[in-house]
Amino acid sequence: MINVGVLGYGTVGSGVVDIIRDNNGIISGRIGDEIRTKYVLDLRDFPGDPVEEILVHDFEIIKNDPEVHIVVETMGGLHPAYEFVKACLEAGKSVCTSNKALVADFGPELIQTAKDHNASFLFEASVGGGIPIIRPLQSSLNPDEIEEISGILNGTTNYILTEMTQKGSDFDSVLKEAQALGYAEADPTADVEGHDACRKIAILTSLAYGKNLDFHDIYTEGITKITDRDIAYANALQAKVKIFGSSKKIGDQVSAMVAPVMIDAANPLYSVDGVFNAILVKGNMVGDVMFYGQGAGKLATASAVVSDVMEAAIHMDKPAGVQWTDEKFSLVPFADSKSRFFVRVSGTAADNAAKVKEAFGAVKEVDAGFADEYAFVTEEITEGAYEKAAETLGNVLNKIRVAFA
Ligand code: HSE
């Protein structure tokens, strides 16, 4: 019998309990042993919920029970999640978590703790919710050098940008609508400012190369400055605005960024709309591989957690090591990263054309029917060169990186 303890009976934790109960026959059959949830830890009571029978309020009960082999951490937040997870690993229990903040902050340390105690520390659900991406990066794509990762890693912002594109609405009204529908949090900062996607691309990049990409070091730009006019220009270019978490291997270094980007229909991520997430991975042998699915939601995310529970159960005697050390990446300085830029400046074409040419060199003009501003796409230039030219002009309204020729 494999006994599981679940820390946190929120959306994902209750989904884990549901899946272990409802798919018990399938899961037990596949791991070759019976599985059950022995305890659920939560501060709250749940009168009338069957979980009452296994509900505990004291973490020590789970930590000290030698019958508990695997602990699921679905509490969220850093503390006490970190202390609980560390204590479980030190007690030789495997831990499966959906907590991206915990993984982004403490990944290498907890992986090492797991190794030291012959346990597994697994976190498939921390990136892309129900989309299998962590294990494929660690196993199926093992023979490859990963050259590039680009992902639509946040459902809230993809929903907002999709609605803005399809309805021509402005950011604020779509955000309010998304909040009313439960697609955006009451405090949407982590999503709309790109912080959530930043942690996710840091985790994926670290796993792809086995070194630690600290999310604090990643340039991160959210979608709050994207306006309905930007979307109208994207339409004129037959493009869509998406927010990507991306990283790329350049020589011995890696460049990484979270930012809105214009993509055209040739990009496999172009048709990923609404709350869906997708991750495009380029391997030097396999080529482009795309992973698509629900990046959030109770059962999708819980399914990924339970897949980790099964992985831990199958490898109880010999946990598979996750390659992610605390050796730091050498990052390409942000100012040296290259891109094409879509730029809008205030004033008419007559006011701007010559000055823009002088500052940016040859550009391609974009007309979306707004007489009071002038828009163009630059050649590929560095971030540093963009900043310098934009400063010289002094009348930039907005810029979006462009990922097509
Ligand atoms: N807030 C996240 C999103 C949930 O919108 O994608 C999953 O991390």
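The values are calculated or read from the model by the stated rules, or taken from the named source; none is laboratory data. Nothing here was measured: the structure is a model prediction, and the numbers come from that model. Ideal geometry is used to build each Cβ from the backbone, glycine not excepted, and the neighbour counts take in all protein chains shown.
Put simply, of Asn235, Asn212, Asn267 the only residue that is among the polar types (S, T, N, Q), at negative phi, touching a Pro at 6+ places or on another chain (Cβ under 9 Å) and surrounded by fewer than 23 Cβ atoms within 10 Å (Cβ to Cβ) is Asn212. Quick check on my filter: what residues within region 238-264 are among the polar types (S, T, N, Q) and buried (at least 16 other Cβ atoms within 10 Å of the Cβ)? Ser246, Ser247, Ser255, listed by residue number. Out of curiosity, is Glu185 within 16 Å of the ligand (Cβ to nearest atom), touching a residue at least 24 places away in the same chain (Cβ under 8 Å) and closer than 19 Å to Asn158 by Cβ? So Glu185 fits the description; yes.
Across region 188-211, the qualifying residues are those that are in a loop (DSSP other than H, G, I, E, B) and touching a helix residue (DSSP H, G or I) at 6+ places or on another chain (Cβ under 8 Å), and the one among them that is nearest to Leu153 (Cα to Cα) is Gly194.
For region 213-224, the set of residues classified as under 20 Å from Gly155 (Cβ atoms) and part of a loop (DSSP other than H, G, I, E, B) consists of Ile218, Glu221, Gly222, Ile223, Thr224, listed by residue number. Checked against the criterion of being farther than 16 Å from Ala300 by Cβ, polar (S, T, N, Q) and at pLDDT 95 or above, the candidates Ser120, Ser126 yield just one match: Ser120. Scanning region 282-300 finds no residues that are crowded, with 23+ Cβ neighbours inside 10 Å and more than 15 Å from the ligand (Cβ to nearest atom). Listed by first and then second residue, the pairs linking a residue in region 71-100 that is without any contact (Cβ under 8 Å) to a residue 24 or more places away in the chain to a residue that is in a helix (DSSP H, G or I), with Cβ atoms under 9 Å apart and 6 or more places separating them unless they lie on different chains, are Pro80/Phe59; Glu83/Phe59.
In summary, Asn352 fulfils each of the numbered conditions (1) crowded, with 20+ Cβ neighbours inside 10 Å; (2) away from the ligand (no atom under 16 Å from the Cβ); (3) closer than 29 Å to Lys100 by Cβ with the single exception of condition (3). If you check Glu379, Glu387 for being closer than 22 Å to Ile223 by Cβ, under 35 Å from the mean Cα position of the chain (by Cα) and among the acidic types (Asp, Glu), only one passes: Glu387. None of Ile203, Ile223 is farther than 30 Å from Val286 by Cβ, within 16 Å of the ligand (Cβ to nearest atom) and buried (at least 24 other Cβ atoms within 10 Å of the Cβ) except Ile223. Taking every residue in region 263-277 that is more than 19 Å from Ile400 (Cβ to Cβ) and part of a loop (DSSP other than H, G, I, E, B) and pairing it with any residue that is away from the ligand (no atom under 16 Å from the Cβ) and of a type in the set (Asp, Glu), at least 6 positions away or on another chain, the pairs with Cβ-Cβ distances below 9 Å are Pro268/Asp288.
Residues of region 133-152 include at least one that is within 15 Å of the ligand (Cβ to nearest atom) and assigned to a loop (DSSP other than H, G, I, E, B). Screening Glu311, Glu383, Glu365, Glu373 for residues that are closer than 21 Å to Phe244 by Cβ and either touching a strand residue (DSSP E or B) at 6+ places or on another chain (Cβ under 8 Å) or at pLDDT 95 or above (or both) leaves exactly one candidate, Glu383. Looking only at residues that are part of a helix (DSSP H, G or I) and under 11 Å from Thr156 (Cα atoms) in region 173-182, which one is farthest from the ligand (Cβ to nearest atom)? Once the filter is applied, the top-ranked residue is Val174. Yes or no: Ile231 aliphatic (A, V, I, L, M), within 16 Å of the ligand (Cβ to nearest atom) and in contact with a helix residue (DSSP H, G or I) (Cβ under 8 Å, 6 or more places away or on another chain)? Considered against the rule, which asks whether it is aliphatic (A, V, I, L, M), within 16 Å of the ligand (Cβ to nearest atom) and in contact with a helix residue (DSSP H, G or I) (Cβ under 8 Å, 6 or more places away or on another chain), Ile231 comes out as no. Going by what's in this entry, would Leu43 be described as modelled with pLDDT of 95 or more, loosely packed, with under 11 Cβ neighbours inside 10 Å and either under 19 Å from Met310 (Cβ atoms) or under 32 Å from the mean Cα position of the chain (by Cα) (or both)? Judged against the criteria, Leu43 is a match.
For region 386-405, the tally of residues that are part of a loop (DSSP other than H, G, I, E, B) and at pLDDT 95 or above stands at 4.
Given Ile231, Ile243, which one is farther than 21 Å from Tyr292 by Cβ and either modelled with pLDDT of 95 or more or of a type in the set (S, T, N, Q) (or both)?
Selected residue: Ile231, the only one of Ile231, Ile243 that is farther than 21 Å from Tyr292 by Cβ and either modelled with pLDDT of 95 or more or of a type in the set (S, T, N, Q) (or both).
Does Phe276 count as within 16 Å of the ligand (Cβ to nearest atom), aromatic (Phe, Trp, Tyr) and within 30 Å of Ile20 (Cα to Cα)? Spelling it out, Phe276 is indeed within 16 Å of the ligand (Cβ to nearest atom), aromatic (Phe, Trp, Tyr) and within 30 Å of Ile20 (Cα to Cα).
Would you pick out the residues in region 52-104 that are acidic (Asp, Glu) and surrounded by fewer than 18 Cβ atoms within 10 Å (Cβ to Cβ)? Within region 52-104, Glu52, Glu53, Asp58, Glu60, Asp65, Glu67, Glu83, Glu90 meet the criteria. Looking across Glu391, Glu383, Glu365, one residue alone is in contact with a helix residue (DSSP H, G or I) (Cβ under 8 Å, 6 or more places away or on another chain), without any contact (Cβ under 8 Å) to a residue 24 or more places away in the chain and not β-branched (Val, Ile, Thr). It is Glu365.
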